[in-house]
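As structure tokens, the structure follows; a few thoughts come after it.
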Amino acid sequence: MHPSSIAIDSKLPQVGTTIFTVMSKLAADCGAINLSQGFPDFQADPALFDATWRAMRDGRNQYPPMAGVPELRSAIADKVAALYGADYDADSEITVTAGATQAIFTAIAAFVRSGDEVIVFEPVYDSYVPAIETVGGQPVYAALAFPDYRPDWEQVRALLSPRTRMIIINTPHNPTGSLLEADDLMELAALTRDTDIVVLADEVYEHIVFDAAHHQSVASHPELAARSIVVSSFGKTYHITGW
């Protein structure tokens, strides 16, 4: 250990250790199954390791373009078009990041300025609020009420102000599993119409939907798509979170 007298003042002194860190350590300490994270207890398919080895041997191990490998961006565009009928330009409208949490932070940092308000729905995934506060924004909380955890759009309307810059939605929702429906997207479009409000849509669980329900992406709603950043996840899409 090398003790230092240098003071480090946290930008977020009220933020402690995340619940994921706490629960993962408890699971490891107790030999329990870790249900707090996407935490497989088995190895990846050997084909994934083989493909990685081949790509590296083929020279695909250098810095990629900042927006992501063109072939991957094209594949993402094709996937979104097939699922939601949305035509995104792979060169100008799709960016690959090192994980969905980075994408969320980057989107917030790009659009939110000091004093801006960002509406989030509580219970809220734990990375949203620290990202908002880091860039000087102010989180404003809308409640998702038991038992169905559906948004109260009249409550959201009452929370809107001239300083509202962004609304963050999460569907399917973490941690409750609730889904936004087509009517919800219509309400959100009406609330943001003729404003400069940006919608950040965290849709990383888009393919983990049960009971014959259907994920409603903002990408499939042209009016919302024009003012939205949609965040998806390779790990969640292909069920390899944690590998």
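The values are calculated or read from the model by the stated rules, or taken from the named source; none is laboratory data. This is a predicted model, so every value here is computed, not measured. Note that we place each Cβ from the backbone using ideal geometry, even for glycine, and neighbour counts take in every protein chain shown.
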Worksheet item: So which of Pro13, Pro46 ends up being closer than 29 Å to Gln138 by Cβ and either of a type outside the set (D, E, K, R) or surrounded by 10 or more Cβ atoms within 10 Å (Cβ to Cβ) (or both)?
Response: Pro13
Practice prompt. Search the stretch 57-69 for residues being surrounded by fewer than 13 Cβ atoms within 10 Å (Cβ to Cβ) and modelled with pLDDT of 90 or more, and hand back the single one that is farthest from Ala219 (Cα to Cα).
Written response: Arg57
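Residue by residue, here is whether (1) in contact (Cβ under 8 Å) with a residue 24 or more places away in the chain; (2) touching a Cys at 6+ places or on another chain (Cβ under 9 Å); (3) outside any helix (DSSP H, G or I); (4) not hydroxyl-bearing (Ser, Thr, Tyr) holds:
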residue: Val15; (1), (2), (3), (4): yes, no, yes, yes
residue: Lys25; (1), (2), (3), (4): no, no, no, yes
residue: Ile33; (1), (2), (3), (4): no, no, yes, yes
residue: Ser36; (1), (2), (3), (4): no, no, yes, no
residue: Ala44; (1), (2), (3), (4): yes, no, yes, yes
residue: Ala47; (1), (2), (3), (4): no, no, no, yes
residue: Ala55; (1), (2), (3), (4): no, no, no, yes
residue: Gly68; (1), (2), (3), (4): yes, no, yes, yes
residue: Ile76; (1), (2), (3), (4): yes, no, no, yes
Discussion item. Being under 19 Å from the mean Cα position of the chain (by Cα), within 26 Å of Thr21 (Cβ to Cβ), exposed (fewer than 12 other Cβ atoms within 10 Å of the Cβ) and among the small types (Gly, Ala, Ser) is true for just one of Ala107, Ala103, Ala98. Which residue is that?
Written reply: Ala98
Worksheet entry | Yes/no for Val199 being of a type in the set (A, V, I, L, M, F, W, C), part of a strand (DSSP E or B), under 28 Å from Arg73 (Cα atoms) and in contact with a Lys or Arg (Cβ under 7 Å, 6 or more places away or on another chain) | yes
Response to the item:
Within the stretch 98-126, residues touching a residue at least 24 places away in the same chain (Cβ under 8 Å), part of a loop (DSSP other than H, G, I, E, B) and not hydrophobic (A, V, I, L, M, F, W, C) come out as Gly99, Arg113, Gly115, Asp116, Pro123, Tyr125, Asp126
Worksheet item: Limited to the stretch 78-93, what total is found for residues that are in a helix (DSSP H, G or I) and either touching a helix residue (DSSP H, G or I) at 6+ places or on another chain (Cβ under 7 Å) or among the acidic types (Asp, Glu) (or both)?
Response: 3
Worksheet item: Within the set of pairs 6+ apart or on separate chains, which have a first residue in the stretch 209-233 that is acidic (Asp, Glu), a second that is surrounded by fewer than 21 Cβ atoms within 10 Å (Cβ to Cβ) and in a loop (DSSP other than H, G, I, E, B), and C-beta atoms under 9 Å apart?
Response: Glu223/Arg193
Worksheet item: Name the residues in the stretch 127-148 that are surrounded by 17 or more Cβ atoms within 10 Å (Cβ to Cβ), farther than 18 Å from Ala107 by Cβ and touching a residue at least 24 places away in the same chain (Cβ under 8 Å), would you?
Response: Leu144
